[in-house]
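Peer 1: For reference, the structure I am asking about is given below.
The values are calculated or read from the model by the stated rules, or taken from the named source; none is laboratory data. Just so it is clear, the structure is predicted and the values come from calculations on it, not from any experiment. Backbone-built Cβ (ideal geometry, glycine too); neighbour counts: all protein chains shown. When the accessible area is computed, the model is the full protein with side chains, heavy atoms only, and any ligands, DNA or RNA have been set aside. Shrake-Rupley method; radii C 1.70, N 1.55, O 1.52, S 1.80 Å.
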Amino acid sequence: MLDFIKGTTLAANEWKTLRYPPSAAEEHKQAGKTVVHKVTGTQAADMETIAALKIPAGKLIVPLKVWIARQEELRPRLAAGELGVWCESFEVIEDLLATVDDINDFPVIAWDFVRFTDGRGYSTAALLRQRYGYRNELRAIGDVLRDQLFYLRRCGFDAYELRADRSTDAALTGFADFSEPYQASVHIDQPLWRRHIRG
Amino acid sequence: MYRYDAFDQQLIDERVAQFRDQFRRYQAGQLSEDEFRPLRLQNGLYIQRHAPMLRIAVPYGLLASHQLRKLADIARRYDHGYGHFSTRHNLQLNWPKLEDVPDILAELATVQMHAIQTSGNCVRNITTDPFAGIAPDEIIDPRPLAEILRQWSSFHPEFAYLPRKFKFAINGCQHDRAVVRVHDIGIELLRNAAGETGAKIWAGGGLGRTPIIGEVVSDWVPWEHIITYCEAILRLYNRYGRRDNSFKARIKILVKALGIAEFRRQVEAEFAQTKSSATTLDQSEYERVAKHFQAPAYETLPAENTAFETARATHPAFAEWVKRCVHPHRVSGYRAVTLSLKAHGGAPGNISAAQMESVADLADRYSFGEARVAHEQNLVLADVRLADLFELWRSAREAGLATPNIGLLTDIICCPGGDFCALANAKSIPIANAIQARFDNLDYLFDLGEIALNISGCMNSCGHHHVGHIGILGVDKDGSEWYQISLGGSQGNATRLGQVIGRAFAAHEVPDVIEKIIAVFVEQREGDERFIDVVQRLGLAPFKARVYGIPAKEEVTHA
Ligand code: SF4
């Protein structure tokens, strides 16, 4: 089933994302309300949960903390080209970089948008592409919606798992919202004034 | 002023189409309330107390006469025939119909206007000095950089979903009229000893719930690196600003948490990596934009004008207006004029459609077809010949735009408050009107001299009450409206936050309280001393004693 976007077209999703069991997600509360957008640097899960997580076979995107804690066991899978890593919206990509000599050892890195309004993934994507030299698939997962696709792509994402209740097909028009943006970014890497003679 | 080229126009046309489609999907139930909210906010659309509110951007405060006429037309056709200028140069319409908003945006696009990023957690409209380009104390005209930043910040893909809103102000003068120290980023343009242009960059200032004066991140950023420097600040904020609690999400909290030294170190580390990138400005791009702001075709005029002097000598009302509303100009024989939107009894900052047209006519006749919005919620005609001032005054007076109260007690900065705003704790416009009614004697107002009185209807501080010499803040006590009063705030080079004088007051008490404060000032004033100087010299004690009828002693106050 083509329920996934690779580049700007529909594609089959060959990867599964391994998530923590729902019960493991530590509830942070503030004034009685659950904190959705956790502070950058918060621990995603405790060591027990990480150790207990069953890791299925096949192409798999595992949580950053699982990769870090269970590297020894997972390295052969990485070498076989069937392991990717995903980060929570409150994690920092530098923690992943610290684990490998070449970030391009990973065929897939995914960023989880806890809500589409959590913009940390945009800066992270730009850094991965422009600073850290990452060339493989950068995937947006979680609360990924049509109206953010244009900016996601501009910042360096090139694969998108739309939220399950949304039509992936209908979302494709989102890439065409603007034809000539002002800024330099990852996709379109020169500002408008360097690309065209302006009036 | 800046005129769009085909690329600018295409972008705003595409924005209109994008929003029309988003609105259609929202109505069709394909976008939930939560999904639509950030999208509509980034198009200036709020759902308000009585009706939606649409906030139209006036980039760095510049308006051409044909744009004013279009705004008048829109206010008549889609609203109740008036608009409200906010403290951030923008024009707010209080009664548009939700389903008309896509059409209103399309109308605006025909005159190179929009409502892009006037709300939401993104980079907002950039504000500056209404006397940009003409002020005698100007070092560098801030408008070209303001336009360059407008383009850079419009639809910036990395910074559309920041932890919270983000406001820039730019000043290019010796005297800061843009209040750069209470903005998320304040840019102060400078020239160094070698004659090079650069900027001092402030960050982490802001009013609102936790008012903080910004700190200097860098004393000198060369002009071509200003954008990349700001990008470094924004990237740091985007990644590490707090998103867990919206009250702690502004950049000022991050600056405080890290401390300015560590914040600066991290910004500099990021900047070192991006400093020389495609985004770095160059001379040709700067000049391309700057040529839109070239001085108009001024005539060569003598510094004095006899007809003007005669009119001033024979018309005392004109003379008073000149004193309050006419400002120096760098070109001989020219003046800048403030058109007051603070007629006593009106809502401060409000302007009717007919007045918008009058301003457009006055701009065409006397000021090269342009007007500006001042953050004090008045309009400015920047390039008026001395010889035309008398005629201009007569027409402005007929249009109700010549109240000679600029800088005086009744030139009140005031947010829309509880009459319109869904977030308000209390009404603010009736308080402004009650104070204006109490001090309706112009001669007395002139004698009192400069007093900045600012009113906000809640802690969000849209009325900048923290930096008013007298600040009034609407607070909620057990479901009713109360007003907390502070003294000693100021903007400009000596930006300071006011201090609360004590317990809050009911609406009907406020004019009496202000009268008592003014009475203490009048008694204690030495010569022509300004109100703010008296407050600073004496401290709060004598004012508290008069207002609360108790001997001056320290009392516990809560901010
Ligand atoms: S200060 Fe409060 S009441 Fe006034 S406009 Fe802002 S949010 Fe509304």
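Peer 1: Could you name every one of the strands (runs of 3 or more DSSP E) located completely within the range B:306-381 that has at least 3 residues being of a type outside the set (Gly, Ala, Ser)?
Peer 2: Hits in the range B:306-381: B:334-339, B:370-373.
Peer 1: List the strands (runs of 3 or more DSSP E) inside the range B:165-225, counting only whole elements, that have at least 2 residues being of a type outside the set (Val, Ile, Thr) and under 28 Å from B:Cys458 (Cβ atoms).
Peer 2: Ranges flagged: B:168-171, B:197-203.
Peer 1: Can you find a residue that is farther than 20 Å from B:Gly333 by Cβ, out of contact with any Phe, Trp or Tyr (no Cβ under 9 Å at 6 or more places or on another chain) and within 16 Å of the ligand (Cβ to nearest atom) anywhere in the range B:376-394?
Peer 2: yes
Peer 1: Follow-up. Hey, among A:Ala140, A:Ala159, A:Ala98, A:Ala126, which residue is touching a residue at least 40 places away in the same chain (Cβ under 8 Å), more than 8 Å from chain B (Cβ to nearest Cβ) and not β-branched (Val, Ile, Thr)?
Peer 2: From the options A:Ala140, A:Ala159, A:Ala98, A:Ala126, the qualifying one is A:Ala159.
Peer 1: Run down A:Phe113, A:Phe106, A:Phe90 and say which single residue is touching a helix residue (DSSP H, G or I) at 6+ places or on another chain (Cβ under 8 Å) and over 30 Å from B:Arg40 (Cβ atoms).
Peer 2: Checking each option against the conditions leaves just A:Phe106.
Peer 1: I'd like to check something: does the range B:271-278 contain any residue that is more than 13 Å from chain A (Cβ to nearest Cβ), in a helix (DSSP H, G or I), without any contact (Cβ under 8 Å) to a residue 12 or more places away in the chain and not hydroxyl-bearing (Ser, Thr, Tyr)?
Peer 2: Looking through the range B:271-278, none of the residues is more than 13 Å from chain A (Cβ to nearest Cβ), in a helix (DSSP H, G or I), without any contact (Cβ under 8 Å) to a residue 12 or more places away in the chain and not hydroxyl-bearing (Ser, Thr, Tyr).
Peer 1: Of all residues being touching a strand residue (DSSP E or B) at 6+ places or on another chain (Cβ under 8 Å) and open to solvent by 40 Å² or more (accessible area, probe 1.4 Å) in the range A:56-76, which is farthest from A:Asp112 (Cα to Cα)? Just the residue, please.
Peer 2: A:Pro56
Peer 1: Could you grab me the full set of residues in the range B:285-321 that are of a type in the set (Ser, Thr, Tyr) and under 20 Å from B:Ser395 (Cα atoms)?
Peer 2: Correct list: B:Thr310, B:Thr314.
Peer 1: Residues to consider are B:Arg250, B:Arg243; find the one that is more than 14 Å from chain A (Cβ to nearest Cβ) and under 26 Å from A:Glu91 (Cα atoms).
Peer 2: The conditions single out B:Arg250.
Peer 1: Filtering the range B:69-81 down to residues that are surrounded by fewer than 22 Cβ atoms within 10 Å (Cβ to Cβ) and not charged (D, E, K, R), which residue is nearest to the ligand (Cβ to nearest atom)?
Peer 2: Once the filter is applied, the top-ranked residue is B:His80.
Peer 1: Among the residues in the range B:414-434, are any more than 13 Å from the ligand (Cβ to nearest atom), of a type outside the set (A, V, I, L, M), within 19 Å of the chain's Cα centre (by Cα) and open to solvent by less than 10 Å² (accessible area, probe 1.4 Å)?
Peer 2: No; the residues of the range B:414-434 include none that is more than 13 Å from the ligand (Cβ to nearest atom), of a type outside the set (A, V, I, L, M), within 19 Å of the chain's Cα centre (by Cα) and open to solvent by less than 10 Å² (accessible area, probe 1.4 Å).
For (1) over 25 Å from B:Asp411 (Cβ atoms); (2) of a type outside the set (Ser, Thr, Tyr); (3) part of a strand (DSSP E or B), each residue gets a yes or a no:
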| position | (1), (2), (3) |
| --- | --- |
| B:Phe7 | yes, yes, no |
| B:Leu11 | yes, yes, no |
| B:Glu14 | yes, yes, no |
| B:Asp21 | yes, yes, no |
| B:Arg40 | yes, yes, no |
| B:Leu54 | yes, yes, yes |
| B:Leu68 | no, yes, no |
| B:Ile74 | yes, yes, no |
| B:Gly83 | no, yes, yes |
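Peer 1: Let me ask something else. Between B:Ile226, B:Ile260, B:Ile253, which is modelled with pLDDT of 95 or more and open to solvent by less than 20 Å² (accessible area, probe 1.4 Å)?
Peer 2: Result of the check over B:Ile226, B:Ile260, B:Ile253: B:Ile226.
Peer 1: Name the single residue that is least open to solvent (accessible area, probe 1.4 Å) among those in the range B:172-210 being among the β-branched types (Val, Ile, Thr) and over 16 Å from the mean Cα position of the chain (by Cα).
Peer 2: It comes out as B:Ile201.
Peer 1: Out of the range B:267-285, which residues are within 30 Å of the chain's Cα centre (by Cα) and closer than 25 Å to A:Val186 by Cβ?
Peer 2: B:Val267, B:Glu268, B:Phe271, B:Thr279, B:Thr280, B:Leu281, B:Asp282, B:Glu285
Peer 1: Continuing with the same structure: Please give the number of the condition B:His466 fails out of (1) part of a helix (DSSP H, G or I); (2) in contact with a Phe, Trp or Tyr (Cβ under 7 Å, 6 or more places away or on another chain); (3) within 12 Å of the ligand (Cβ to nearest atom).
Peer 2: The one condition B:His466 does not meet is (2).
Peer 1: Looking for something over 20 Å from B:Arg69 (Cα atoms), away from the ligand (no atom under 16 Å from the Cβ), away from chain A (no Cβ under 14 Å) and surrounded by fewer than 23 Cβ atoms within 10 Å (Cβ to Cβ) - is there at least one such residue anywhere in the range B:358-373?
Peer 2: Taking every residue of the range B:358-373 in turn, none turns out to be over 20 Å from B:Arg69 (Cα atoms), away from the ligand (no atom under 16 Å from the Cβ), away from chain A (no Cβ under 14 Å) and surrounded by fewer than 23 Cβ atoms within 10 Å (Cβ to Cβ).
Peer 1: Would it be correct to say that B:Glu285 is out of contact with any Lys or Arg (no Cβ under 7 Å at 6 or more places or on another chain), modelled with pLDDT of 95 or more, part of a helix (DSSP H, G or I) and closer than 30 Å to A:Arg131 by Cβ?
Peer 2: Yes, satisfied.
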